[in-house]
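Have a look at the structure below, then the notes.
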Amino acid sequence: MPRRIIPVASGKGGVGKTTFAVNFALALSQRAPTILIDLDTATSSVRGSLAMPIAKDLYHFHRKGERLADCVTRLDARFDPEGRFGQFGFVAAPRHYLEEMANPDAALRRRLAAEINALPADYVVLDLRAGIDPAVADFLPYTNTGVLVFTPELPQATSAAADIVKAIVFRSLRAIFAPESQIWSLPGVGPARDLVPDLLARAEDCYDESVPNLDAFLAELGALVDDGALVEALRSLFADFRVHYVLNQFDGVEKAHERAVAPFVRSLAEQVSTHLDLTQLGWIVQDAELHRANCSGRPYLLGPEAKPAPSERAAKPSRDVFAELDSLRSAALGLDRRVAQRVAANRDAGPGPDAGVDALLGEQLASLRTMFSDRRKDSVRENFSYCVYRALNLMQPPRLPTELGMTQIAPPEQLVKWLLRRLPGMAATTA
Ligand SMILES: Nc1ncnc2c1ncn2[C@@H]1O[C@H](COP(=O)(O)OP(=O)(O)OP(=O)(O)O)[C@@H](O)[C@H]1O
Ligand SMILES: [Mg+2]
């Protein structure tokens, strides 16, 4: 079973999800067995960017009853002559448009999720399609965003990325307050059964300003249900919610901040909450070679290792990026800790929405600057290694297994169990 399933989403199309997912999975596979799954089943592009002969794909899984694990394609000697990526595999989407695969029904999504949960790999990376329909939402975690990709080059991509966060948060709330949810049997909650759905709908509706976001929803919920512990448990559930993002086509800190990060933070604060915990995993620079590699069907990381310039070679005898990154470990951990402390301080400082947004903006700019000051000269290859390094760091104990990606594509009942476990006296009954 996978240690972690990591969806790559963006909301907007064409911002670099597939480029990121393919190379991220390749880089991850140098650490542990990794399988990439093309869940863009309507306009599959993993197949295009990895132009290998494919014996079985999602068509065989769906139409021929094959096990998903038997539809994994491994790199052949032409793509991986030195066997550096022996731990990498991918499952391609069908070769051509097939309505039932392009718009998988609930039964197919469930079967796919169950088999993804059982794949023999440490890491499973999901390349999702653009948009936020059930074929995307069903493969997103409840407790974090997976990896969101957006770019300063396309301002609309920023609000689409924020919309994904909103979609995950409200999907979670709908699961918690679903008609069949255990939540209604809690003392003091049942009587609000008829009122909460309307409150939730108003909070999600961006045209209705009466309940602008999650923070307002939780405040109003406190007045509706006679159970302070439930509202506190919800607050703590969402306080642990993690947003992870990667900036693609990165072209300098100030531009990225002004055109992508700041609008993202503002949109999140407005639509979702000022109390979210945001983590930048890193960035990928705009690079013609990366684009050429995609077009030629051989991913960038499968290309020849870039040769360092002679002067650089003298200064840096080893090109082992991981070894180099390990030396940055304490710095990165220190950075995460500082950001976490600031988030906590911000939370304790009370509501004040503007103060919350300013604090979030300050954190994001500070972390981008700190990361960039060390990695200013990095190549695309190093950009991917750095994202992998940060991701691995976030997935290591003592971090919560719910922090990045998911240990299984979980059904809504699982989320309700996690929530109930946060209620005093409920831990033992919800194992
Ligand atoms: N950092 C980059 N430098 C240069 N070109 C890039 C970069 N990232 C992506 N591209 C190019 O941008 C285009 C879109 O990238 P990609 O297919 O990865 O996006 P996507 O989000 O998966 O799109 P879709 O929503 O259609 O699935 C491709 O032509 C790709 O080669
Ligand atoms: Mg794509």
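Some notes on this structure:
- Odd one out for VAL147, checked against (1) under 27 Å from ARG74 (Cβ atoms); (2) of a type outside the set (D, E, K, R); (3) surrounded by fewer than 21 Cβ atoms within 10 Å (Cβ to Cβ): (3)
- Residues that are over 13 Å from ASP40 (Cβ atoms) and either within 6 Å of ligand 1 (Cβ to nearest atom) or crowded, with 24+ Cβ neighbours inside 10 Å (or both) within the range 5-14 comprise ILE5, ILE6, GLY11, listed in sequence order.
- Options ASP57, ASP76, ASP38: the member that is within 16 Å of ligand 1 (Cβ to nearest atom) and of a type in the set (D, E, K, R): ASP38
- Residue in the range 19-34 that is surrounded by fewer than 21 Cβ atoms within 10 Å (Cβ to Cβ) and among the aliphatic types (A, V, I, L, M) present: yes
- Output for the range 192-208, where each listed residue is modelled with pLDDT of 90 or more, in a helix (DSSP H, G or I) and aliphatic (A, V, I, L, M): VAL196, LEU199, LEU200, ALA201, ALA203
- Selection of the range 160-191 for residues being at pLDDT below 90 and surrounded by 19 or more Cβ atoms within 10 Å (Cβ to Cβ) yields only VAL189.
- Residue selected from the range 192-229 under the condition in contact with a Gly (Cβ under 8 Å, 6 or more places away or on another chain) and in contact (Cβ under 8 Å) with a residue 12 or more places away in the chain, by the criterion surrounded by the most Cβ atoms within 10 Å (Cβ to Cβ): VAL225
- Among the candidates PRO299, PRO263, PRO304, residue that is of a type outside the set (A, V, I, L, M) and at pLDDT below 90: PRO304
- Against the numbered list (1) surrounded by fewer than 19 Cβ atoms within 10 Å (Cβ to Cβ); (2) among the hydrophobic types (A, V, I, L, M, F, W, C); (3) under 30 Å from ASP287 (Cβ atoms), ALA106 comes up short only at (3).
- Residues that are under 16 Å from VAL265 (Cα atoms) and in a loop (DSSP other than H, G, I, E, B) within the range 140-153 comprise THR151, PRO152, listed in sequence order.
- Test: residue in the range 275-286 that is in contact with a helix residue (DSSP H, G or I) (Cβ under 9 Å, 6 or more places away or on another chain) and part of a helix (DSSP H, G or I): no
- Residue ID - nearest to ligand 1 (Cβ to nearest atom), chosen from residues in the range 253-302 that are of a type in the set (Gly, Ala, Ser) and within 16 Å of ALA21 (Cα to Cα): ALA293
The values are calculated or read from the model by the stated rules, or taken from the named source; none is laboratory data. Just so it is clear, the model here is predicted, and its values are computed rather than measured. Methodologically, a virtual Cβ is constructed for each residue, glycine included, from the backbone with ideal geometry; neighbour enumeration extends over all protein chains shown.
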